[in-house]
Amino acid sequence: MVQVWYMDTEETDQRLEHHRNPPAYLELDDLYQKTGVEYFKINADEYQSDNTLTELRAKRGYTYDDEITCSEKCLPDYANKLKAFFTEHLHTDEEIRLILDGSGYFDVRDNEDNWLRIMVVKGDLIIIPAGIYHRFTLDTNNFVRTRRYFVGEPVWAPHNRPADDMDCRKSYIKHQSENF
Ligand code: KMT
Ligand code: NI
């Protein structure tokens, strides 16, 4: 099961858990309410025939998918890529990731600018909305293998914070404020 918690503000290794003291967890429903991040459980060993994924792909119109492995061996320009992943940014489109193996953390900002840490493991599919500030890091296992999905031609470009004037950011803020 995916776990979500509020982060501390310690500047130590990004790969550590960074729990608050005492730890403060969040339910998935609250994560969705606060951020719009969606979560689905998929059978990672047979994801091609997983009903939840098949339905999701059809409903959301995912036409593109590929695979990315983040490890020192498999990812070209590893150090720079990981640095870019962990730099706070947003995208003009949703970031859709299915974890096939390994683990990591997606951090997203809530409406009060707290960092929420989402631990993802094999079988977790998360959808990070367009326009939300977020980042990604490996954990101390230093390995994740992930499928990426997209509607149409993929646009992976990150827009580092501040990107408050972008239309996708304004739409995100508007949409979220209507939910509170
Ligand atoms: C991203 O966009 O942050 C990534 O693709 C990170 C690797 S996927 C877990
Ligand atoms: Ni991103």
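So here's what we get for this one:
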| quantity | calculated |
| --- | --- |
| Additional length obtainable on full extension of the chain from N142 to Q48, 0.36 nm per residue less Cα span | 31.3 nm |
| In sequence order, calculated HN-Hα J values of the range 126-139 (Karplus, 6.51, -1.76, 1.60; Hz; x Gly/Pro) | 10, 10, 9, x, 4, x, 8, 6, 7, 6, 10, 9, 5, 9 |
| Gain upon complete extension [D29, E72; 0.36 nm per residue less C-alpha separation] | 12.0 nm |
| Theoretical ellipticity at 222 nm over the chain - DSSP helices of four or more residues, -39500 (n - 2.57) apiece, nearest 500 | -6000 deg cm²/dmol |
| Charged-residue dipole, Cβ positions (Lys, Arg, Asp, Glu), the chain about Cα centre, Debye nearest 20 | 220 debye |
| Under Karplus coefficients 6.51, -1.76 and 1.60, residue-wise ³J(HN,Hα) of the range 60-65 in Hz, glycine/proline x | 8, x, 6, 10, 10, 8 |
| By average C-beta atoms within 10 angstrom, highest first, the peptides 160-171, 88-99, 113-124 | 88-99, 113-124, 160-171 |
| Reach of K122 by Cα under 27 Å, taken over lysines that are not fewer than 8 positions away in the same chain | K34, K41, K59, K73, K81, K83 |
| Candidates per GluC sites (Glu not before Pro) in the range 28-83, loop by DSSP, up to 16 other Cβ within 10 Å | E72 |
| Cα gyration tensor of the range 44-167 - equivalent ellipsoid semi-axes, whole Å, descending | 22, 19, 14 |
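Read the figures in this text as sums done on the coordinates, not as results from a lab. These numbers were taken from a predicted model, which means no experiment stands behind them. Every residue, glycine as well, gets a Cβ built from its backbone with ideal geometry; the counts of neighbours run over all protein chains shown.
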